[in-house]
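Readers should treat all values here as calculations from the given coordinates under stated rules, not as data from a laboratory. This is a predicted model, so every value here is computed, not measured. Reconstructed Cβ throughout: ideal geometry from the backbone, glycine too, with neighbour counts over all protein chains shown.
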Amino acid sequence: MSIEPWVFYAWACWIIPVIGALLTPLLAKLGERMRDFSAVIFSLLAMLMTLSLLPLLFGDVEWPLRSQVSWVLLPGAPILSEIRAGMLLDPLSIIMANVVSVISFLIMVYSLGYMRGDPGLTRYWFFMNFFIANMLLLVLADNLILMLIGWEGVGLCSYALIGYWYRDSKEGWLHYWVGEPPEAYPPSHCGMKAFIVTRFGDLFMIAGALVLAATAKTIGFPELLHADTIVPAEMRWLLPAALIMILGGAVGKSAQLPLMEWLPDAMAGPSSVSALIHAATMVKAGVYLVARLFPIALSWSASVPAATSFFYAVMWIGALTAFIAASQAVVSTELKKVLAYSTVSQIGYMMMALGAAGLSAEIITGYVASIFHLMNHAVFKAALFLAAGSIIHAAGSRFLRDMGGLRKHMPVTFYSTLLATLALIGLPPFGGFWSKDLVLSTTLSSGQYAIFILGLSTAILTAFYSIRMVGLAFYGGEKSKKVHEAPRIMWVPYLILAALSLIIGLVAPLLESGLEAALSRILPAYMHSAYEASSMELLVPLTSVTAIAVGAVPAYALYVRGMVDLGEIVEKHGYMRALRTLLIRRYYINTFYYRAIAYPSIKLGHAINKVFESRVIEGINNAISIGARRLSDIVRRAHTGLLNHYVIGLILGALILIILILAGGA
Amino acid sequence: MEPLNIILILVGAAVATVILDPVFRKVRLIELSGVIACIAFLSTLVLLVLDAVAGAPPRIIIFGPDSPLTTSLKLDMLSIYLSIIFSGLGLMAAIYSIRYMLFEVEHLPLDDPFWVKVRELGLDRYYALLLTLITGMIGVTMANDFFTLYVFWELMAISSYSLVAFRKWSWEAVEAGFKYLIMSTLGSLAALLGIALLYGLAGSLRFDAVRAVVFGGGNMAAAFSLAMIMVGFGVTAAIVPFHSWLPDAHPAAPTPISAILSGVVIKTGVYAMLWSMFKIFGPATYGFGPALIGLGILTMSFANIAAIMQTDIKRFLAYSSIANIGYIITGMGLAAHILRTYPSEVGLAALALTGALLHVLNHALGKGLSFLSTGCYILRVNSREIERLEGIGPRMPATTASLGIGLLNLAGVPPLSGFWSKLLIVSAGLGIPSDGLMLAVTIIFIVNCIVAAGYYLWLFQRLAFKRPMLDGGLKEISEAPALMLVPILILAAACILITIMLNPVLQFIRSALEVILG
């Protein structure tokens, strides 16, 4: 049997970075440059592998392509008696894998400059490559269990890289910490927080996967598509329930309500990490998972009407998250935190589009909208984070109040940021405009007007906070001296990404139809509906441009031109002060989690330790160990060392055995 | 590949080391006989692995005319499985010995020059004995009649006595060797008595002929001979209460020999018991299941409790070997019990035997690894007292890390294969929930595993993480020599590799079991 090339590419693209990660400590022995460059080269190889998958999209292929190996065999087990590990190639996974690997590579290049000279770099490169590997495994996995391995792998890397500067030094407060008192957290705390919060969602995901394994007897994505037909009618209600549980994992990973609190604090990691993991790739895993489950839920909704609740849940969670996160970005005092809130908000957009698509007649439009927006966002948000890394480095502070007037000193960074920001706002003809337009028209065509209003309001807020961010960072009075442009190895990657966000916009109509053609092939045939030009065609772009103007113009006046000092106005009005505090304190959701869950758990832990652990358990342990020693000493005496005793023992034993065997009968 | 070739390779190499010894001495390279042993073990190992991969059918060769009294050899998957383990560990011990035995020479309490000491120690005969030891073991698994089996058995036994008493200037070794000789001879005599009875019953010693008489329908004489065979082979397998020679003998031998004795020689006893009890006599006819279970439980419980407070690391490992034999015997006992009481549950019995056979492999790897690592400590610190070895880990990281893998494997920590072999036995024990005996046995088994895991981890904690007792006592200690590290690292890698390749290994064991269960 000959192996087709795609099989090799699909497995190699995540195995290569695993090897790269494992080799990092060894290569570090050969020299630092060796280690750094080879780490980048492994990510380059991974990118080449995924790029080699692209031609498949244009060929005449029977999707999905699948390459499986037997992985776990538990003969006779009631569920999951055989798990196969497989790579699943379809347009969705190929597109996603390429988004991941290309951006990863650019960020790895950027890291060469950004992280230069850091003492813990071996650890950094190890986890970066390990992250890329796990992310690609997640994307290409053909079943939920294998996907969970990549899923938890990226979670681990995220934890390790958020807490990268784990010494939590007070001196590095301006650089490495996140938040302001009373919600200022050191990096190691943030890493832990991210890990625990996302793990909470994952619990539901694992439970959901097990429910599917128990009811539908399969966890493979292609098999799940028609799982509803093999589940007995009285158990079918479990299927949508499992979907909602799995959605819990997506909500945690993609930082959606109510599990969004970890992502803003994840900004304690290096900017390259924020760009890669907490903007471009890992946080999209939730969207990707929903997109994977989308055809399944749609297919089930024919026989299990409750399956549509999945789409409602996705849509509402997304829309509310988009709005709430955007409102918090408006008042954020930190550059990267603005971007973090914005990421949460934009992912909410993608979720909203997917949810609405499932409820609309124009399924494919919404589906494409979400994936297209995901691509756009990955590009421009990665550019913004990388540029933010340069800015923070130059300004010597993560706070917007310590920046200002950087425009003249850092022209490349400024223009890159500007381009990416315009794409984020969704100004035509940038990529963001097209995808946002599609998202909004999906909500309209599905008849979800409330969602449309929320989306539009989010667009207004997005325009406002984006312009505010650019204004505060690049305009106004200069706060620090001796600022200079970042080295080339840093600005080239984000300039490429920023330019890309414009180029995508210029070819957007082409790209859109391409995506539509590709993605429509993974949705079951009956879901295709003719894309009909509706009277709303022009309404949506007009309203969205208006929304941008509504948000951007005041922000321009306030922060770029500095016509009015908004701070003074806010101070004058009590209700505005209250609103600002509410937003800065993140609607007190974060506080609630600490007060209601984190602190009580720690207190309970201390109490258990004091009472149960140190008295009861310790006592039992001591009793066991002392008892075992005494018993052992007694038994040891049976060995007298005298041969006579031994032989007597042998003969007695033989006699007893003979009696036993004869009694056992022949 | 014929069974005879393997025997010939090994015996030929043994003879070669003795004949060529004057030449080696002339060129002043005593290591060369070690190299010959390595080559012999490696070629047997390769031949056997090739045979296993090719899935060769069972073969029998008969020497002389086909009469009831002629001897014959067999080669089936079970003998291949065990022979691979035996020759593999033999290879590791031979590689290890090349460097380690020089240490033994250096520590000979004599003022003579090096080459006189070599003669005095008998290093020129060492590899020949090692080769005949393994030949005996492989021969036992390839025997097709009780006569051949007994001959190879004695070849193995005599080689082991000599090797246990190898360090003949030390009283400990001589006494241990003597005890071993007496006890093992008593065992051999018991087995011989059983075999003689069988000859009287069947008029032949060929397995198929004996089986034809005793399998299916037995009498008291057959049952008595079964009991004698169990005692006889049980002494070598070190089943409590026939084990008392082992805690003296295994520590007294040179360390690579300890690894062989503890790792595989006692498994030969297990094989002889498994073969004669399951294949010749048949568990359905003779109710030896409960007796076997009782012996297994007694063996593991006694040895586990006795191991906890040992102060000598080699003695500690020796007790742990007895305990592991207990697990294997219990697995066999469960299978026998199931086959007699629930004849339809052959699959469950196969599960228990699969666990037992997998544990033979796991224990051989883990215990071989542990003894070889211990030898490195002894080489560097010149002490077997655990107290003096405390905190040696950072000084000898590669050795200690490998030992850690071996101990974790022995402790049955998932996902290592040591966990799976115990799990298979436990799951067979829980297979028939209504059977109170099996349930009780399984619970005792699990408790034993927990106790054992406790002391393995305790040992590792003391070696790897504790502060050295003696101030600066371990300062000058450095990592083991490369040639001794190689087999240790290979064994550690094998522990992990077996875990990864568990499915093919289990398939191999299943095909080996087909020989027994049909």
message: Please compute, over every Cα-Cα pair in region A:531-628, the percentage with a separation greater than 17 angstrom.
response: 77
- request: Towards the positive end of the charge dipole of region A:5-584, with charges on Cβ (+1 Lys, Arg; -1 Asp, Glu), say which of A:105, A:314, A:75 has the farthest Cα.
  value: A:105
statement: Checked against the positive end of the charge dipole of the protein assembly as shown (+1 on Cβ of Lys and Arg, -1 on Cβ of Asp and Glu, about the Cα centre), the farthest of B:451, A:624, B:53 is A:624
Estimated [θ] at 222 nm from DSSP helical runs (n ≥ 4, -39500 (n - 2.57)) normalised by residues in chain B, nearest 500: -25500 deg cm²/dmol
message: Along its three principal axes, how long is the protein assembly as shown when you only count alpha carbons? Whole Å, largest extent first please.
response: 111, 70, 60
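Rg over Rh of region A:591-665, using C-alpha atoms and the Kirkwood radius, what does it come to?
That ratio equals 1.50.
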In order through region B:382-387: 3J(HN,Hα) via Karplus (6.51 cos²θ - 1.76 cosθ + 1.60), integer Hz, x for Gly, Pro: 6, 8, 9, 6, 4, 4
- request: For region A:507-516, take each phi angle, set θ = phi - 60°, evaluate the Karplus expression 6.51 cos²θ - 1.76 cosθ + 1.60, and give the result in whole Hz per residue in order, putting x for glycine and proline.
  value: 9, 4, x, 5, 4, 4, 5, x, 4, 5
- request: Quick one: angle between helix A:335-359 and the longest Cα principal axis of chain A, in degrees between 0 and 90, rounded to 10, please.
  value: 80
message: How compact is chain B by the rule of thumb for globular proteins, expressed as Cα Rg over 2.2 N^0.38 Å?
response: 0.93
- line: Rg/Rh over Cα atoms for region B:322-370, Kirkwood Rh, comes to 1.09
- request: Report, by chain and number, residues whose modeled amide H sits under 5 Å from the one on residue B:143, excluding near sequence neighbours (fewer than 5 apart, same chain).
  value: B:74
query: Quick one: in region A:265-358, what % of C-alpha pairs are over 23 Å apart?
result: 32
- prompt: Cα axis of helix B:346-381 to longest principal axis of chain B: angle in degrees, 0 to 90, nearest 10?
  reply: 10
- line: Filtered hits (aspartates and glutamates, Cα-Cα < 15 Å from residue B:168, offset >= 8 within chain) -> B:104, B:106, B:120, B:124, B:248
query: Using the count of nearby Cβ atoms within 10 Å as a rough guide to exposure, how do B:148, A:413, B:341 rank from fewest to most?
result: B:341, B:148, A:413
query: Once you average over the residues of B:283-295, how many Cβ atoms of partner chains fall within 10 Å of each Cβ?
result: 3
Rounded to whole Hz, the Karplus (6.51, -1.76, 1.60) HN-Hα couplings of region A:484-494, x for glycine and proline: 9, 5, 5, x, 4, 4, 8, 6, 4, x, 7
- request: Rank-order B:125-131, B:264-270 by packing density, defined as the average count of other C-beta atoms within 10 Å over each peptide's residues, highest first.
  value: B:264-270, B:125-131
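Starting with the fewest neighbours, write out A:349, A:556, B:377 ranked by other beta-carbon atoms found within 10 Å of each beta-carbon. Walk me through the numbers on the way to the answer.
Working: A:349 30, A:556 19, B:377 25.
Neighbour counts put them in this order, fewest first: A:556, B:377, A:349.
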field: In nm, spacing of pseudo-spin labels at residue B:171 and residue A:576 (7 Å Cα→C-beta vector)
entry: 9.9
message: Compute the distance from the alpha-carbon center of region A:187-257 to that of region B:13-77, in whole Å.
response: 58
- line: Taking max minus min of the Cα coordinates of region A:20-59 on each principal axis, largest first, gives extents in Å of 45, 16, 7
Scaled radius of gyration (Cα, divided by 2.2 N^0.38 Å) that region B:200-277 gives: 1.35
- prompt: Taking the Cβ of residue B:328 as the center, what net charge do the other residues with Cβ under 11 Å away carry, scoring Lys and Arg +1 and Asp and Glu -1?
  reply: +2
- request: Could you sort out which of B:422/B:466; A:170/A:603; A:337/A:482; B:314/B:422; B:74/B:267 sit more than 21 Å apart by Cα distance in this structure?
  value: B:422/B:466; A:170/A:603; A:337/A:482; B:314/B:422
message: Rounded to two decimal places and with Rh computed the Kirkwood way over Cα pairs, what is Rg over Rh for region B:130-288?
response: 1.01
field: Taking all pairs of distinct alpha-carbon atoms in region B:302-393, Kirkwood radius in angstrom
entry: 15.0
statement: Given pairs B:117/B:179; A:436/A:479; A:217/A:381; A:253/A:610 and cut-off 31 Å on Cα-Cα distance, the over-length ones are A:436/A:479; A:217/A:381; A:253/A:610
field: Cα centroid of region B:458-507 to Cα centroid of region A:322-382, whole Å
entry: 52
- request: Taking only the C-alpha atoms, wrap a convex hull around region A:195-277 and report its volume per residue in Å³ as a whole number.
  value: 95
task: Rank-order B:220-228, A:9-17, B:504-512 by packing density, defined as the average count of other C-beta atoms within 10 Å over each peptide's residues, highest first.
output: A:9-17, B:220-228, B:504-512
- prompt: Listing B:422, A:572, A:337 from the residue with the fewest other Cβ atoms within 10 Å to the one with the most, what is the order?
  reply: A:572, A:337, B:422
query: At q = 0.13, 0.17 Å⁻¹, what log₁₀ I(q)/I(0) does a Debye calculation on the Cα points of region A:303-407 give, no solvent, two decimals?
result: -0.57, -0.80
task: Determine, for each peptide in B:81-89, B:490-498, the mean count of other beta carbons within 10 angstrom over its residues, then list the peptides with the highest first.
output: B:81-89, B:490-498
field: q = 0.09, 0.19, 0.22 Å⁻¹, region A:1-118: log10 I(q)/I(0) [Debye, one scatterer per Cα]
entry: -0.35, -1.01, -1.16
- prompt: How far, in degrees from 0 to 90, does helix A:539-555 lean away from the longest principal axis of the Cα atoms of chain A, to the nearest 10?
  reply: 80
task: Would you please state the base-10 log of I(q)/I(0) at q = 0.06, 0.11 1/Å for region A:5-584, with intensities from the Debye formula using one equal scatterer on every alpha carbon?
output: -0.28, -0.97
- prompt: So what is the calculated 222 nm ellipticity per residue for chain A, using -39500 (n - 2.57) for each DSSP H run with n of 4 or more, over all residues, to the nearest 500 deg cm²/dmol?
  reply: -22500 deg cm²/dmol
query: For region A:456-474 and region B:327-383, what is the separation of their C-alpha centers, rounded to whole Å?
result: 68
statement: The alpha-carbon pair-distance distribution computed for region B:287-518, with 5 angstrom bins and whole-percent values, is 1, 7, 15, 18, 17, 14, 11, 7, 5, 3, 2, 0, 0
statement: Taking r as the C-beta separation of residue A:637 and residue B:461 and R0 as 45 Å, the FRET efficiency to the nearest 0.05 is 0.95
- prompt: Looking only at other chains, what is the average number of their beta-carbon atoms within 10 angstrom of each beta-carbon in B:174-186?
  reply: 2
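Taking every residue in B:231-241, how many Cβ atoms of other protein chains lie within 10 Å of its Cβ, on average?
Average per residue, whole number: 3.
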query: Rounded to the nearest 20 Debye, what is the dipole magnitude of chain A about its Cα centre when Lys and Arg each give +1 and Asp and Glu each give -1 at the C-beta?
result: 2120
